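A.B. asks: Below is a structure I'd like to ask you about.
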Amino acid sequence: PEEIPDYWREAADHLDQRGDRTRVLEIPGIDFASYRWGNTVDPITPGLIDRPYVARELIPYGSAPSADLLNALDLRLQELTLEPEALAVVARLMSVGDLVLRNDLQYERYNTPRPRTLWELVSGAPGLGDPVTFGSDEPNVPIPEAPLIDEEHLVRDALFPDPPAVAAFPVEDPVEIVH
């Protein structure tokens, strides 16, 4: 499809209304943007918002130390070894005011964390406010050509509810970019 879903435009409007004194951190990191509704190669959020933005992508942007920090955070997310208490702390270190959880990715394509599992981890993280959600909470299921039935699907996925397509979590007591 050539049209970006309305829920992404609503999320972008929400993020812009929050001001540009802090960054937007988008998780999970992805190598190429493959959403359930289409493939865009690059993530769509930077083109929709007028705020500073950070996410772990295939090609790192910024200084080597900032890329290393972002890679370290995302690696822990990808491996589901991140302590939830660390998420807001690292977000503040990067001057992040809003953490965006993109649950509408084709997670099976690049073996990123499953939306249900990541939702459970992030929604319970201390230091993050209540999320503002966008889109429906329809199940995000692998494409038929690439079913992903493994131990995580069989054991963990069934325990958690389906998350919304996109969620924006405010970081409590964020540190502004200029400080």
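Just so it is clear, none of the values below were taken in a lab; they were calculated from the coordinates. None of the values given here were measured: they were computed from a predicted structure. Cβ atoms come from the backbone with ideal geometry, glycine included; neighbour counts cover every protein chain shown.
A.B. asks: Angle, helix 84-93 long axis vs. longest principal axis of the chain, Cα atoms, 0 to 90°, nearest 10?
C.D. replies: 40 degrees
A.B. asks: With N set to the residue count of segment 1-101, report its C-alpha Rg divided by 2.2 N^0.38 Å to two decimal places.
C.D. replies: Compared with the compact-globule rule of thumb, segment 1-101 sits at 1.07.
A.B. asks: Please list the non-local residues whose amide H lies under 5 Å from the amide H of Val96, H modeled 1.01 Å from N, same-chain partners needing a gap of 5 or more.
C.D. replies: Excluding prolines and chain starts, which carry no amide H, the hits are Arg23, Val175.
A.B. asks: If exposed GluC sites (Glu not before Pro) are those in a DSSP loop with at most 15 other Cβ within 10 Å, what is the longest stretch of the chain that has none?
C.D. replies: Details: sites that count: Glu2, Glu3, Glu79, Glu145, Glu172, Glu176.
That would be 4-78.
A.B. asks: To continue, here is another question. Relative to the Cα centre, what is the charge dipole magnitude of the chain, using +1 at the beta carbon of each Lys and Arg, -1 at the beta carbon of each Asp and Glu, and rounding to the nearest 20 debye? All intermediate terms of the calculation are to be shown ahead of the outcome.
C.D. replies: Working: 14 positive and 33 negative charges, 70 e Å.
With only Lys, Arg, Asp and Glu charged at Cβ, the dipole is about 340 debye.
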